[in-house]
Amino acid sequence: MVKSLRFGRGQNNDVVISDPTVSEYHCQITLDDNGNFYITDLNTTSGTYVNGTLVQGSAWLKHTDEVKIGNTPLAWLHLFVLPAPPQSAPPTQQQPFPQAYPQFIPTPVAPSGRRKNGMGIAGFVLSLLALVLGGVPGVNAILFLLSLIFSIIGVSKKNRKKGLAIAGLAISVVVLILLIFIANERSPHPY
């Protein structure tokens, strides 16, 4: 049995409504365990109306109530499989709304902007290793070359975060100076 339906313009709603005055996530109608319906406005700008009255938060619904969202009248009752008539009396306006079914609260998805830069991260880590292992012959040169290559690739990638790739390049320059200094110290001096 359907317990809750979400209505709105967004494609991931239970019922999609093509009306520019309808919000992406507009309202939700829930059927409680006693066979009673209630509607919840999902903080819309154009509002949700029951029998011409603006819904503030949630409101109980009767089978005969007319619901309108945006400019669209909403035929909602036929979307639910109705249970046997409720054994208890219908709720009063003072009765609290059930908490058994969580209300849908849309969370805005922020644009991701620039994506992570794996090559830049690898270049940064390798440059740090080359700096730390600067005194180990052979290893430092290999780490330096790899860090330089990965950092350059990381900087050249479009729409990627470049901070660590640039830091990797800067550390690679320091490692190069360190390698030159170490090679100069190890070579025999003619004087």
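The values are calculated or read from the model by the stated rules, or taken from the named source; none is laboratory data. This structure is a prediction, so every number in the text was calculated from the model and none was measured. Quick reminder, even Gly has a Cβ in these numbers, built from the backbone with ideal geometry, and neighbours come from all protein chains shown. Each accessible area value is taken on the protein alone, full model and side chains, heavy atoms only, with ligands, DNA and RNA left out. Shrake-Rupley method; radii C 1.70, N 1.55, O 1.52, S 1.80 Å.
Things to note:
- Number of positions in the range 50-76 that are farther than 16 Å from residue 5 by Cβ and either buried (at least 19 other Cβ atoms within 10 Å of the Cβ) or among the small types (Gly, Ala, Ser) (or both): 3
- Tally of residues being open to solvent by less than 40 Å² (accessible area, probe 1.4 Å) and either assigned to a strand (DSSP E or B) or among the basic types (Lys, Arg) (or both) across the range 5-34: 10
- For the range 73-90, the count of residues that are modelled with pLDDT under 80 and closer than 30 Å to residue 171 by Cα is zero.
- A single entry from 125, 109 fulfils the requirement of being modelled with pLDDT under 85 and aliphatic (A, V, I, L, M): 109.
- Residue match in the range 153-163 (condition: in contact (Cβ under 8 Å) with a residue 24 or more places away in the chain, more than 30 Å from the chain's Cα centre (by Cα) and assigned to a helix (DSSP H, G or I)): no
- Close contacts from the range 2-28, counting a first residue that is touching a residue at least 12 places away in the same chain (Cβ under 8 Å) and within 13 Å of residue 47 (Cα to Cα) and a second that is open to solvent by 50 Å² or more (accessible area, probe 1.4 Å) and assigned to a loop (DSSP other than H, G, I, E, B), with Cβ to Cβ under 6 Å and a gap of 6+ residues or different chains, come to 8/24; 21/71; 22/9; 24/9; 28/104.
- Residues (open to solvent by 60 Å² or more (accessible area, probe 1.4 Å) and assigned to a helix (DSSP H, G or I)) located in the range 118-138: 119, 121, 125, 128, 129, 131, 132
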